[in-house]
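For reference, the structure discussed in these notes is given below.
We did not get these values from a lab; they are worked out from the coordinates using the rules stated. Being a predicted model, the structure only gives us computed values, none of them experimental. When we count neighbours, we look across all protein chains shown, and the Cβ atoms used for this are built from the backbone with ideal geometry, even at glycine.
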Amino acid sequence: MSDDLHSYAPFQKVHFLKSCLDLGIDDYIDIYNFHPYIPSCYISTKKYDFYLTNIKNAIDGYLNYYSEIKKPHWISEFGICPLWVKLSLSEIGILYKDLYEFSRQRNIPFFLWTLTDFQDPEYSRFNPETAFGILDFDLNPKESMISFIKSFG
């Protein structure tokens, strides 16, 4: 799911988790996961600070809205597609590190989508899903991976 508070696509249902909680789903769940994407993760001319602020707000907004849930929350998917954003690959890597640390301060595991770029005949080459990796299709490190690692010091 997304952050469950905003709809960025016609197929997303806002407050889906709230509806499920009202139906008693919590009895059957061990871990809740969410994806704090914002539209600018796909196409944008925004700068680094915009991303950091708005994605942190998406994470905190979700956690605050669902604060009654006492089970773990995970960010099970996150990424920024470098195809149509102004951020450089280096900035994306640093942003991943900053968001990782921000999430860990809240005791939330943080997973990237995806580690590698991929080629899938079901996706057109213009589909951003294929370009989120910090490794290219041949598993060579992209600048986003190099800056991610270097940013830890």
- If the chain between residue 69 and residue 30 were fully stretched, how many nm would it gain, using 0.36 nm times the residue separation less the Cα-Cα distance? 13.0 nm
- Item | Reachable lysines from residue 150, criterion Cα separation under 19 angstrom, eight or more residues apart if same chain | 97, 142
- With DSSP loop assignment and no more than 14 other C-beta atoms within 10 Å, the GluC sites (Glu not before Pro) in the stretch 1-105 are 68
- Task: Assign one of three labels to the stretch 79-153, namely rounded, prolate or oblate, based on the Cα gyration tensor with a ≥ b ≥ c the square roots of its eigenvalues; rounded applies when a/c is under 1.5, prolate when it is not and a/b is larger than b/c, and oblate otherwise.
- Result: prolate
- Message: Could you check the spin-label model distance between residue 45 and residue 139? Points 7 Å from the Cα along Cα→Cβ, value in nm.
- Response: 4.0 nm
- Can you figure out the FRET efficiency of residue 23 with residue 57, using R₀ = 41 Å and their beta-carbon distance, to the nearest 0.05? 0.90
- Query: Exactly which trypsin sites (Lys or Arg not before Pro) in the stretch 78-131 are in a DSSP loop and have at most 10 other Cβ atoms within 10 Å?
  - Reply: 125
- How high is the relative contact order of the chain, given as a whole-number percent (alpha carbon pairs under 8 Å, six or more residues apart)? 22 percent
- Amide H to amide H under 5 Å from residue 33: which residues, 5+ apart in sequence or cross-chain, H placed 1.01 Å off N in plane? 74
- Query: How large is the helix-only mean residue ellipticity at 222 nm for the chain, computed as the sum of -39500 (n - 2.57) over DSSP H runs with n ≥ 4, divided by its residue count, in deg cm²/dmol to the nearest 500?
  - Reply: -10500 deg cm²/dmol
- Task: Please determine, in degrees from 0 to 90 and to the nearest 10, the orientation of helix 48-65 with respect to the longest principal axis defined by the Cα atoms of the chain, where the helix direction is its Cα long axis.
- Result: 20 degrees
- Query: Taking the stretch 68-153, which chymotrypsin sites (Phe, Trp or Tyr not before Pro) meet the DSSP loop condition and have no more than 11 other C-beta atoms within 10 Å?
  - Reply: 126, 152
- Message: Taking 8 Å as the Cα distance limit and 6 or more residues as the minimum spacing, I'd like the relative contact order of the stretch 63-153 as a percentage.
- Response: 34 percent
- Task: Could you work out how far the C-alpha centroid of the stretch 73-145 sits from that of the stretch 17-40, in angstrom?
- Result: 22 Å
